[in-house]
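Peer 1: After the structure tokens below, expect a handful of questions from me.
The values are calculated or read from the model by the stated rules, or taken from the named source; none is laboratory data. Everything numeric in this text was worked out from a predicted model, so none of it was measured. We place every Cβ from the backbone using ideal geometry, glycine too, and count neighbours over all the protein chains shown. When the accessible area is computed, the model is the full protein with side chains, heavy atoms only, and any ligands, DNA or RNA have been set aside. Shrake-Rupley method; radii C 1.70, N 1.55, O 1.52, S 1.80 Å.
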Amino acid sequence: MVVDAIKRTRGLPVDLPAALDASGVIGAWSWSPRSDRCILDAGAAEVLAGDPGLAGRPIPLEIARSCIHPEDRPAVVRHFQAVCERGGLFVAEYRTLSPSGQVRWILDRGRVPASASSRRTGHGLIIDVTDDRREDEADAPARVEPLDALSVAIDRALECRDALDGVADSELQLLVDMLLLRLGQSIAKTPAGNGGRRGH
């Protein structure tokens, strides 16, 4: 997965794992419409499925999103299904509820293939935006509208990552993964990624 690949990288000029932690990037996911299975890295598995031990294993979507807050899950599931029908950018902001009762706000951004494109794989990032929530927004429902800022850039990067699935060049894939993570950091930090969500 994206974050795991970054952590395995050596000789880079910055401490990327520390930068990711500081920016709120939690982890990454991939989804195959052919098998209808999702693969999470350790961070995503802990937050979305409630079990980091599921990292790297193909699991049903029901398990992969079992920690989405019950009040937000129907809207997120409907939105994901709608995007899967046509393929394209998936963006949702919702709460997660851990087995211990902790509530977190997650910004989930990815690109998924149309259901008919069964051989292609979807990819995405999840970002913790809990600290960006205002007190009067703490119990707001999930938001599934696309954001304005950086949407085109991250959509194209996800398209590129999807295309590279069939290319046996791990360095190219890692470079695109790094770009995706940097875009995720920018979304988490910019007004369009934070305050801009309040206007939806």
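Peer 1: Where Lys and Arg each count +1 and Asp and Glu each count -1, what net charge lies around P58 among other residues with Cβ under 10 Å from its Cβ?
Peer 2: Residues close to P58 contribute a combined charge of +1.
Peer 1: Please report the accessible area of R57 (heavy atoms, 1.4 Å probe, ligands and nucleic acids excluded) in Å², nearest 10.
Peer 2: The accessible area of R57 comes to roughly 130 Å².
Peer 1: Mind checking the per residue accessible area of region 50-100 for me, 1.4 Å probe, whole number of Å²?
Peer 2: Each residue of region 50-100 exposes 47 Å² on average to a 1.4 Å probe.
Peer 1: If amide hydrogens are placed 1.01 Å from N in the peptide plane, which non-local residues have theirs closer than 5 Å to the one on I26?
Peer 2: Under 5 Å from the amide H of I26 lie the amide H atoms of I126, I127, D128, each far enough along the sequence or on another chain.
Peer 1: Could I ask something else about it? Could you go through region 159-173 in sequence order and give the Karplus-derived ³J(HN,Hα) for each residue, using 6.51 cos²θ - 1.76 cosθ + 1.60 with θ = phi - 60°, rounded to whole Hz, and x for Gly and Pro?
Peer 2: 4, 4, 5, 5, 5, 6, 4, x, 10, 7, 9, 5, 5, 4, 4
Peer 1: List the residues whose amide H sits under 5 Å from the amide H of G88, counting only those 5 or more places along or on another chain, with H placed 1.01 Å from N in the peptide plane.
Peer 2: V112, A114
Peer 1: Once the Cβ-Cβ distance between A153 and E85 is put in as r, and R0 is 22 Å, what FRET efficiency do you end up with, to the nearest 0.05?
Peer 2: Details: r = 24 Å, r/R0 = 1.11.
The computed FRET efficiency comes out at 0.35.
Peer 1: Express in nm, to one decimal, how much length is gained between R78 and S115 on full extension, taking 0.36 nm for each residue of separation and deducting their alpha carbon distance. Please report the intermediate quantities before stating the final value.
Peer 2: Numbers: separation 37, 0.36 × 37 = 13.32 nm, distance 1.44 nm.
This chain segment gains 11.9 nm when fully extended.
Peer 1: Still on this structure, please answer the following. Could you compute the net charge surrounding C38? Neighbours are other residues with a C-beta less than 10 Å from the C-beta of C38; K and R count +1, D and E count -1.
Peer 2: Net charge in that neighbourhood comes out at +1.
Peer 1: Moving on. What is the set of long-range amide H partners of D51 at a cut-off below 5 Å, with H atoms built 1.01 Å from backbone N?
Peer 2: Excluding prolines and chain starts, which carry no amide H, the hits are E46.
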